[in-house]
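The next block holds one structure in the form of structure tokens; read it before the comments.
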Amino acid sequence: MSVALSPIQGKMQPGEANQQLGKIIHIDMDCFYAAVEMRERPELSGQPVAVGGKPGGRGVLTTCNYVARKYGCRSAMPSFKALELCPELIILPVRHELYRREANRIRSIFGEFTPTVEPLSLDEAYLDLAHLNSKGSSLAREIRFRIKKETGLTASAGIAPNKLLAKIASDWNKPDGQFEIPHDQVFAFMQELSVSKIWGVGKKTEERLSSLGVKTCGDLQKLNLVDLHMAFGRFGGELYRLCRGVDQRKVMPNRERKSLSVERTFPADLATLEQGELELDKLLSELLSELSGKHKNRVVCSAFVKVKFTDFRQTTVECRAEGVDQSVFSALVEEGWIRGGGKSVRLLGAGVRFRPRVEGEEGQQLELFDGVS
């Protein structure tokens, strides 16, 4: 049974003591898109379910439930490959509006506990709860209870002194669980943690660290700052701090979207620039539709296109612009096509970047980001 808390009571301002009290919470919804679809269709319970593109073309999985993951299915996997691993897999089409609606319901729950919420995508966010008197673990438990009660969906949580550790912790007891890293246990926790868990460490960096004999954060702590700078440049300094569990980033509730783009992977490669122009028209129509919604008050400062070729190499072409001008985008696509040296194109994208808002500018608001392209 959940204990009723009083989220609005508190003495400190958000962020004042989060490093000491362990009141940064990372909430991560469990297989969000698939979970929403299963809630809408209870007959899918117990079956392997994924959300994503059609298996007949170049579709990929956006997410999949935990039954499907037991077969090796995962997000970003080509749909045909997922079906090879799990022939019984049920792949459902993406329904963005439905997921955005649920994300807004969840965000409203967060708002009852703190105004300091930083969404990372539709299904995850950081919350700074340092101003509340209750323990971080109790607050996380209450938030998860509220989400499940009001939406029927489960969430996992990480509680820690900073964002780096909170995000790592939220993955520790998935699904429908939580994990706390208290301030006085950070050093011991980091010793055995794989370097792959550090923010910013991808496959190539992990391989390079492995070549240096570094597997864990404890191993990484044995390298001095100078050596890390020489090996990794500016990121070496980040590695020096992060492997010790040090992260000074604040929870930023008003992070604004810097760009907006749409893209499409084609069932068959585009062989000619003329074909690319026809697809560009469709992309620009979609882009204009997005801009006319909640982004209508944003000021465009540049335009760009992304072109991915049949060999998976890609290029981005960008120029200054004040809006969506067909002739400007056509010129960008042509330049991108030339860079391919005659290769056919498997993906085309078009987008704009926004001018940063001035404080107090009309239309300033918190945005939830859809991380799925």
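The values are calculated or read from the model by the stated rules, or taken from the named source; none is laboratory data. Here the structure is a predicted model, which is why all the values come from computation and not from measurement. All Cβ positions, even for glycine, are placed from backbone atoms using ideal geometry, and neighbour counts span all protein chains on display.
Taking into account only those residues within region 83-109 that are of a type in the set (Val, Ile, Thr) and touching a strand residue (DSSP E or B) at 6+ places or on another chain (Cβ under 6 Å), which is farthest from Ala68 (Cα to Cα)? Looking at the filtered set, the residue picked out is Val94. Quick check on Lys148: is it over 23 Å from the mean Cα position of the chain (by Cα) and within 16 Å of Gln178 (Cβ to Cβ)? Taking the combined requirement at face value, the residue does not satisfy it. The set of residues in region 132-163 being assigned to a helix (DSSP H, G or I) and either in contact with a helix residue (DSSP H, G or I) (Cβ under 8 Å, 6 or more places away or on another chain) or hydrophobic (A, V, I, L, M, F, W, C) (or both) consists of Gly136, Leu139, Ala140, Ile143, Phe145, Arg146, Ile147, Glu150, Thr151.
Does Ser259 satisfy the criteria of being among the small types (Gly, Ala, Ser) and over 21 Å from Glu334 (Cα atoms)? Criteria met by Ser259.
Failed condition for Val299, given (1) out of contact with any Leu (no Cβ under 6 Å at 6 or more places or on another chain); (2) more than 20 Å from Leu260 (Cβ to Cβ), with all others met? Only one criterion in (1) out of contact with any Leu (no Cβ under 6 Å at 6 or more places or on another chain); (2) more than 20 Å from Leu260 (Cβ to Cβ) is unmet by Val299, namely (2). Number of residues in region 217-263 that are among the small types (Gly, Ala, Ser), closer than 19 Å to Glu206 by Cα and either in contact with a Ser or Thr (Cβ under 8 Å, 6 or more places away or on another chain) or outside any helix (DSSP H, G or I) (or both): the value is 2. Condition check: under 30 Å from Thr114 (Cα atoms), part of a helix (DSSP H, G or I) and within 22 Å of the chain's Cα centre (by Cα). Does Glu290 satisfy that? Here the answer is yes, as Glu290 does meet what is asked. Once region 347-373 is narrowed to residues that are touching a Ser or Thr at 6+ places or on another chain (Cβ under 8 Å) and modelled with pLDDT under 90, the residue that is farthest from Ser261 (Cα to Cα) is Leu368.
Only one of the numbered conditions (1) within 24 Å of the chain's Cα centre (by Cα); (2) surrounded by 15 or more Cβ atoms within 10 Å (Cβ to Cβ); (3) under 21 Å from Ser344 (Cβ atoms) is not met by Phe329, and that is (1). Would you mention how many residues in region 197-213 are among the hydrophobic types (A, V, I, L, M, F, W, C) and over 20 Å from Lys167 (Cβ atoms)? The total comes to 1. Criterion first (in contact with a helix residue (DSSP H, G or I) (Cβ under 7 Å, 6 or more places away or on another chain), more than 30 Å from Lys215 (Cα to Cα) and buried (at least 18 other Cβ atoms within 10 Å of the Cβ)) does Leu129 satisfy it? In short, yes.
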